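Read through the structure below, which is laid out as structure tokens, and then see the notes.
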Amino acid sequence: MEVVDISKVLNIAEGFVKAGAKWHFHMLQPGCMFNGRPQNAFVIEDVSEGNSYISYSIAPHDDLRNACESILGSTPDMPQTDLSEDETALISHAKDLRKAKKDWHYHSLDPKCEFNEKEDKWTFIFESEESGDVREMFYDSEPHSLITELDKLKS
Ligand SMILES: [Zn+2]
Ligand SMILES: [Zn+2]
């Protein structure tokens, strides 16, 4: 993963778009299991070519996230399915953490993502740094319903 200056990230992302690449990005906060530094990290990955870039900054770059989301375009409707028992348990765990004012975040990693150790599965990772809690679940397709429910708790 190549380290680049934060000012280059949007240009690189636009290059991905021009090349018709399949790409995505991650914002990694300090303490995240994928972030080895005490800064905020912004990662963009071209999963068609296997190129990825990382940029570190003191403050999180919400502006860059918004820009990346807008050039990625709207995602097609995400089909919702019934929640599994494990998912329901995770959602209530997330609610409890929120009540206790403990932060959490999640990653939904597509099979080609550099952070995903499973080559043929989506990996869903739920992290709560303060409670030292990491939960992993594996899927054949992205767990939209779980993501929708967790996002509701965040807002
Ligand atoms: Zn994380
Ligand atoms: Zn990724």
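None of the figures in this text is laboratory data; all of them are computed from the coordinates on show. Just so it is clear, the model here is predicted, and its values are computed rather than measured. Neighbour counts run over all protein chains shown; Cβ positions are idealised from the backbone, glycine included.
Identify all residues within segment 1-38 that are free of Cβ contacts under 8 Å to residues at least 40 places away in the same chain, within 17 Å of residue 129 (Cα to Cα) and within 16 Å of ligand 2 (Cβ to nearest atom); write none if there are none.
Those that are free of Cβ contacts under 8 Å to residues at least 40 places away in the same chain, within 17 Å of residue 129 (Cα to Cα) and within 16 Å of ligand 2 (Cβ to nearest atom): 27, 28, 35, 36.
Does any residue of segment 118-125 turn out to be of a type in the set (Val, Ile, Thr), buried (at least 18 other Cβ atoms within 10 Å of the Cβ) and in contact (Cβ under 8 Å) with a residue 12 or more places away in the chain?
yes
Residues being within 13 Å of ligand 2 (Cβ to nearest atom) and in contact with a Phe, Trp or Tyr (Cβ under 8 Å, 6 or more places away or on another chain): count how many of those fall in segment 39-53.
8
Would you check if there is a residue in segment 39-61 being part of a helix (DSSP H, G or I) and either in contact (Cβ under 8 Å) with a residue 40 or more places away in the chain or exposed (fewer than 12 other Cβ atoms within 10 Å of the Cβ) (or both)?
no
Considering only residues that are within 12 Å of the chain's Cα centre (by Cα), closer than 19 Å to residue 89 by Cβ and within 13 Å of ligand 1 (Cβ to nearest atom), which ones fall in segment 104-150?
Hits for segment 104-150 are 105, 106, 107, 108, 123, 124, 125, 126, 127.
Can you tell me which of (1) crowded, with 18+ Cβ neighbours inside 10 Å; (2) out of contact with any Ser or Thr (no Cβ under 7 Å at 6 or more places or on another chain); (3) farther than 21 Å from residue 104 by Cβ is the one residue 25 doesn't meet?
(3) is the only condition that residue 25 fails.
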